[in-house]
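Every number in this text was worked out from the coordinates using simple rules, so none of it is lab data. It should be emphasised that the depicted structure is a prediction, and the values quoted were computed from it without experimental measurement. Ideal geometry is used to build each Cβ from the backbone, glycine not excepted, and the neighbour counts take in all protein chains shown.
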Amino acid sequence: MACKRSSVRLRYSPLKKTANCGLFCLYNFCFIWRCLSENNRRMLSQSEWSLLAGWAVYFTVHSILASDKVKSWFWGKFPSSKKWYRIGYNLIATLALLPLLYFQLIQLSGFSGFLPLPIRLLALIPAISACWICKAAFRNYAITEFLGIYQQEKTPIQLTTTGINRLVRHPLYFGVVLIMVTYVVWFPGNFSVALFLLTFAYLWIGSGWEETKLIRQYGNSYLSYRSKVRRIIPFLL
């Protein structure tokens, strides 16, 4: 049975959310800078701040291109490109990610503040768990649709809340958080903590955008599901 979408009201427009995303990233930058200064820790180098800015731009553009407003505008200008948008979106995201990963590896090449090996080995547990979580999450997703190879014309009638989605609404994002926990332990320092905070801010904002679409698609069914299951971290957040 189709959901009554007219009964669900959205609070913000996609344009306002785009502005909020940029403002939140800027606030997060200022918060990180202030915390590091007040605790008299080593200030991040210019190259580290540049890399953080690069990640912030990547996260922001990635979210904007995924918004319904941008997609609707693009489809209006180029109607025949609708079935190719997801593929192009993934391709742009991948190509833009490569230089960031390259400079990230350069930044880590001179790192020497490793913790003892037993601690680092224990820190691999979250990353290994993340692999299992992501594998379980993809059981509820159509891989071809996720990659953009196949786009279904209609919204699925039934909301998927089984499997790993019984514990967390965005299991892939939870997997990213666990990987970042391993990263912070393996490469401890101000930069790692700052990147973790920036990544979590992106995941939190991005999941909020996604849930706006899901509420439009599933209405009260998703609102009920959202009231019972945590967003990113099971039983916590």
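Once phi is turned into ³J(HN,Hα) by the Karplus curve 6.51 cos²θ - 1.76 cosθ + 1.60 with θ = phi - 60°, what whole-Hz value does each residue of the stretch 170-177 show in order, with x for glycine and proline?
Calculated HN-Hα couplings, in order: 10, x, 5, 5, 4, x, 5, 4 Hz.
Taking the highest mean first, how do the peptides 228-237, 73-82 order by number of other beta carbon atoms within 10 angstrom per residue? Write down the numbers at each step before the final one.
On the way: 228-237: 13.7, 73-82: 10.9.
Put in order of decreasing packing, that is 228-237, 73-82.
Kindly write out, for the stretch 128-141 in residue order, the coupling ³J(HN,Hα) from the Karplus curve 6.51 cos²θ - 1.76 cosθ + 1.60 (θ = phi - 60°), rounded to whole Hz, with x marking Gly and Pro.
Couplings: 5, 4, 4, 4, 5, 5, 5, 4, 5, 5, 5, 5, 9, 10 Hz.
Which order results if His170, His62 are arranged by neighbouring Cβ count within 10 Å, fewest first?
Numbers: His170 22, His62 16.
Ranking His170, His62 by Cβ neighbours within 10 Å, fewest first, gives His62, His170.
Using modelled backbone amide H atoms (1.01 Å from N, in-plane), which distant-in-sequence or interchain residues come within less than 5 Å of Arg230's amide H?
Arg169, Phe235
According to the square roots a ≥ b ≥ c of the eigenvalues of the Cα gyration tensor, what is the shape class of the stretch 160-221, taking rounded for a/c under 1.5, prolate for a/b larger than b/c otherwise, and oblate for the remainder? Write out the running numbers ahead of the final one.
Working: a/c = 5.77, a/b = 2.05, b/c = 2.82.
Because a/c hits 1.5 or more and a/b fails to exceed b/c, the stretch 160-221 counts as oblate.
With the cut-off at 1.5 for a/c, could you classify the stretch 191-237 from its C-alpha gyration tensor as rounded, prolate or oblate? Don't skip to the answer; put the middle values down first.
Values: a/c = 6.28, a/b = 1.97, b/c = 3.18.
Here the stretch 191-237 falls in the oblate category.
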